[in-house]
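Below: one structure, written as structure tokens.
Rule-based calculations on the coordinates, nothing more; no lab input. Given the structure is predicted, the values throughout are model-derived calculations rather than measurements. Cβ sites come from the backbone with ideal geometry, for glycine too, and all protein chains shown count toward neighbours.
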């Protein structure tokens, strides 16, 4: 009889432990992250961040903007709305809401996306990114940053369809704190940037863009978008939740594990 009671107690304890583990697993909800790269870059920049996020059970969608990476869209066919629609199509593949992340020019893109599809976004995350006000274009916004060192290194093509960065300044501007391997990746994957989106203004409303929860991750050693200008934009946009990474303009290359850790924190 005693043996039977002990067996029953052991079984009950085992079931209780199993139920406890199951409940804990259910409490950890996976998120879907949609990652949007910036100008003169491509999806490869998110590789290490993606690996970290997926290792924690999250789903990650990396967007390749038209005219970047391996995409063959001609520069004359690219616009800010074309970028927006590419991201919206990517988000449509996810079940439920997503955490939408934009870097640099990608900040303009995700802002435009949030105006068009706010209900699909749980949080909007800017990493060293532009945050426009309604009626602003990327070009005019960038030109008001006195701390940026990018301008003197830019050259427009004869047909005015693309913008090039002086190759001697490329890694200094984008990844001066990275390893040689990081710098080699940036050089190897470099493409001239479609110019038309720099002149496209965005129209934003409080009902749509204004309704989405926003987070900003500042890049403290940034010389493409200066930290002071990042402060100015995020303050104007009313963003209250702010994190920092002590990196250049490419934190996902210089400190990918730190970026992933912040995104995981934001996703909780």
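Taking packing as the residue-averaged number of other Cβ atoms within 10 angstrom, the listed peptides 121-127, 207-213 run from highest to lowest as 121-127, 207-213.
Taking the chain as the reference, fit the longest principal axis to its C-alpha atoms, fit the long axis of helix 2-27 to the helix C-alpha atoms, and give the angle between the two in degrees, 0 to 90, nearest 10. Compared with the principal axis, the helix lies near 10 degrees.
The value of relative contact order for the stretch 202-258, using C-alpha pairs under 8 Å at least six residues apart, is 39 percent. Normalised by the number of residues in the stretch 101-226, what is the relative contact order in percent for Cα pairs under 8 Å and 6+ residues apart? Relative contact order of the stretch 101-226: 40 percent.
Helix 105-116 and the long axis of the chain differ in direction by around 70°, with both axes built from C-alpha atoms.
A Förster radius of 25 Å, combined with the Cβ-Cβ distance separating residue 89 from residue 133, puts the computed FRET efficiency at roughly 0.45.
For the chain, a Gaussian network of Cα nodes joined below 10 Å ranks 111, 235, 219 by mean-square fluctuation, and the top entry is 235. Between residue 264 and residue 232, take the C-beta separation as r, use R0 = 25 Å, and let me know the FRET efficiency to the nearest 0.05. Result of the calculation: an efficiency of 0.35.
Pairwise Cα distances in the chain exceed 23 Å for 53 percent of all pairs. Between the Cα long axis of helix 80-91 and the first principal axis of the chain there is an angle of about 10°, rounded to the nearest 10.
Spin-label model, residue 54/residue 187: points 7 Å from Cα along the beta carbon direction are separated by 2.9 nm.
Estimated purely from DSSP H runs of n ≥ 4, each contributing -39500 (n - 2.57), the mean residue ellipticity at 222 nm for the chain is -12000 deg cm²/dmol once divided by its residues.
Mean sequence separation of contacting Cα pairs (under 8 Å, at least six apart), scaled by the length of the chain, corresponds to a relative contact order of 21 percent.
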